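K.L.:
Provided herewith is a single structure, encoded as structure tokens, for subsequent inquiry.
The values are calculated or read from the model by the stated rules, or taken from the named source; none is laboratory data. Everything numeric in this text was worked out from a predicted model, so none of it was measured. Note that each Cβ is placed from the backbone with ideal geometry, even for glycine, and that neighbours are counted across all protein chains shown.
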Amino acid sequence: MTTTTAPAAPSVPFAGFGSEAALDLDVGSPRVAAQVMARLLSADFEDWSNAVARVGSCTNPIHLTGSSTRVDAGTGEVLSSYSSDTEPLGTTLIRCGNRRASECPSCSRVYAADMFHLIRAGVAGGKGVPERVGENPLVFATVTAPSFGHVHGMRDNGRRCRPHAETPRCEHDRPTTCHQKHDDGDELLGQPLCWECYDYASHIVWQWWAPELWRRFNIALKRALAHLLGVTESQLKDLACVQYSKVAEYQRRGLIHFHALVRLDGPKTDDAFAPAPDGVTAEPLAEVVEEAVASVRFTAPPVFNGDVPRVLAFGAQVDSRPVRVGHRTDDPDGPLNAEQVAGYLAKYSTKSATDTTTGNVSNPHLSRIQEVAAEFATLVEDEWVAAEMPCDLKEVPYGLLGRWHTALGFRGHFSTKSRRYSVTLGALRRARRRAQVLIADAQRSGIPVDLASMEAQLLADDEDETTLVVGSWSFAGVGWDTEGDVALARAAAARAREYAQHRAEAKRANQQ
Ligand SMILES: [Zn+2]
Ligand SMILES: [Zn+2]
Ligand SMILES: [Zn+2]
């Protein structure tokens with residue numbers, strides 16, 4: 001690992017994607033290596049690699065067979081027809097669309113790119129959102145969970161983990177201090193100093209109700225804003241509304257954080273994104289957000305008979321910072337710009353619970369959270385069966401905990417936004433599908449198409465009513481044939497990512 005930023009000598013091919021560079025293959029076992037060899041030497045390798053390229057090196061594509069025809073609804077004229085028979089492998093492949101980078105690196109990148117555009121549009125405009133939205137006050141807030149026990153962590157300015165404690169050892173005779181300075185890859189990070197002292201029950205209960213705490217934060221924020229503007233809560237809607245985009249991210253200790261962009265718009269109107277009330281800037285908005293976070297309380301019911309109710313709140317650490325559009329800053333304490341916040345949020349949105357561990361190393365703390373959550377779920381179900389309750393299990397407060405134990409008890413969405421934050425993921429996906437049809441038409445006809453000038457049309461909400469698609473399709477399976485094929489698809493996705501990074505760096509270097 002080198003830390004130098006000097007550019008590589010021109011004669012050295014860029015690692016990872018140059019014509020001379022080897023594919024970065026992770027074959028794992030001799031069996032998979034043999035599968036990779038067999039694929040590389042197979043007669044239809046060309047067809048196979050074309051098929052992989054067409055789904056952008058998705059690791060788990062869906063296979064369909066069938067055909068469809070595009071028909072002009074007015075005249076009945078057949079505009080084009082398509083059949084899976086024409087595909088290299090005889091089936092039509094569709095991307096799996098998985099958000100998680102650990103499941104499908106390629107689809108996760110598409111998801112992250114869509115998230116980036118969606119978030120950026122709400123900060124600075126674009127994708128059908130007017131640029132004036134960038135003038136409305138905007139805050140980037142990170143809302144944390146409270147502590148349920150001391151865990152090993154990285155401290156600012158290279159300070160030691162936990163050098164001081166009231167007593168040197170806990171009641172389980174484990175040390176209560178840690179004098180290490182942990183590095184990023186350290187397996188101890190996020191692990192409790194004593195797993196018996198750590199309050200797993202409260203940890204799970206907090207995580208379970210985190211979406212409820214967020215809901216209450218929204219209510220508290222409106223109340224605090226009304227106060228700031230000197231109006232009643234019911235008058236607030238005539239003056240202003242709050243729009244947000246948020247993502248949930250797991251920390252190493254297995255608790256989620258919310259990262260949110262909170263924007264103050266004027267009153268809700270049909271064309272949305274109205275200017276904020278005069279005189280309100282991002283600074284007071286940031287203060288109001290912190291105040292609202294600190295005020296949230298929720299009394300969680302006991303999990304099982306004999307358990308206790310718990311008063312839940314967010315953690316004391318709230319980071320709420322103004323975002324200024326158009327500012328370029330590398331000062332970590334300075335205001336953030338649109339690209340930075342969109343980049344952060346898009347990155348967080350592709351992580352899953354198990355990604356918080358490095359690689360596939362088993363993580364005792366996260367395993368324990370899952371075990372305790374599963375135990376609780378069993379208790380809840382047993383009590384529900386024994387009590388012969390007249391309601392469905394899902395109406396019991398913790399009835400569905402069993403379903404979410406692998407997500408460490410978090411049942412919320414990983415990325416959500418208010419309705420008028422910006423464009424929707426659905427609109428971005430629809431625009432991509434429409435653009436693909438236009439590009440295919442342009443390739444067939446040889447007439448170039450200017451997609452940039454057609455953005456508004458591509459993003460438009462109306463379905464194209466002049467053409468009908470008539471087709472019949474059936475499911476023919478999912479995934480690639482062997483683990484070797486999956487390894488090759490992953491390697492191709494990794495190369496595509498490295499190449500995209502290289503292009504982005506080259507573009508940045510050119511601009512400087
Ligand atoms: Zn995929
Ligand atoms: Zn430590
Ligand atoms: Zn202890």
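K.L.:
Out of Q180, Q207, I need the residue that is among the polar types (S, T, N, Q) and under 30 Å from L264 (Cα atoms). Which one?
P.N.:
Q207
K.L.:
Also: Out of all the residues in region 430-447, which are acidic (D, E) and assigned to a loop (DSSP other than H, G, I, E, B)?
P.N.:
none
K.L.:
Same structure, new question: Looking only at region 140-197, count how many residues are over 28 Å from V341 (Cβ atoms) and touching a Lys or Arg at 6+ places or on another chain (Cβ under 7 Å).
P.N.:
Residues that pass the stated criteria total 13.
K.L.:
Since R253 meets every condition but one in (1) of a type outside the set (A, V, I, L, M, F, W, C); (2) closer than 30 Å to N363 by Cβ; (3) at pLDDT below 90, which condition does it not meet?
P.N.:
That leaves (3) as the condition not met.
K.L.:
If you don't mind, another one. Being touching a residue at least 60 places away in the same chain (Cβ under 8 Å), surrounded by 14 or more Cβ atoms within 10 Å (Cβ to Cβ) and within 16 Å of ligand 1 (Cβ to nearest atom) is the requirement here; does T59 meet it?
P.N.:
yes
K.L.:
Further question on the same structure: Which condition number does Q251 fail, the rest of (1) polar (S, T, N, Q); (2) free of Cβ contacts under 8 Å to residues at least 60 places away in the same chain; (3) in contact with a His (Cβ under 7 Å, 6 or more places away or on another chain) being met?
P.N.:
Looking at each condition in turn, Q251 falls short on (2).
K.L.:
OK, next. Listed residues A121, A165; which is of a type outside the set (S, T, N, Q) and either closer than 22 Å to L189 by Cα or part of a strand (DSSP E or B) (or both)?
P.N.:
Going through A121, A165 in turn, the sole match is A165.
K.L.:
Taking G149 and the conditions (1) without any contact (Cβ under 8 Å) to a residue 60 or more places away in the chain; (2) in a loop (DSSP other than H, G, I, E, B); (3) more than 16 Å from ligand 2 (Cβ to nearest atom), which numbered condition does it fall short on, given that it satisfies the others?
P.N.:
(3)
K.L.:
Still on this structure: What is the residue count in region 187-214 for residues that are in a loop (DSSP other than H, G, I, E, B), among the aliphatic types (A, V, I, L, M) and surrounded by 20 or more Cβ atoms within 10 Å (Cβ to Cβ)?
P.N.:
Counting residues in region 187-214 that are in a loop (DSSP other than H, G, I, E, B), among the aliphatic types (A, V, I, L, M) and surrounded by 20 or more Cβ atoms within 10 Å (Cβ to Cβ) gives 2.
K.L.:
A follow-up question, please. Just name the residue that is nearest to A377 (Cα to Cα) out of those in region 392-430 that are of a type in the set (S, T, Y) and buried (at least 20 other Cβ atoms within 10 Å of the Cβ).
P.N.:
Y398
K.L.:
Identify, by number, the condition in (1) more than 16 Å from ligand 1 (Cβ to nearest atom); (2) in contact (Cβ under 8 Å) with a residue 60 or more places away in the chain that A113 doesn't meet.
P.N.:
In the conditions (1) more than 16 Å from ligand 1 (Cβ to nearest atom); (2) in contact (Cβ under 8 Å) with a residue 60 or more places away in the chain, A113 misses (1) alone.
K.L.:
Name the single residue, out of those in region 184-211 being touching a residue at least 40 places away in the same chain (Cβ under 8 Å) and among the aliphatic types (A, V, I, L, M), that is farthest from ligand 1 (Cβ to nearest atom).
P.N.:
Out of the qualifying residues, it is L193.
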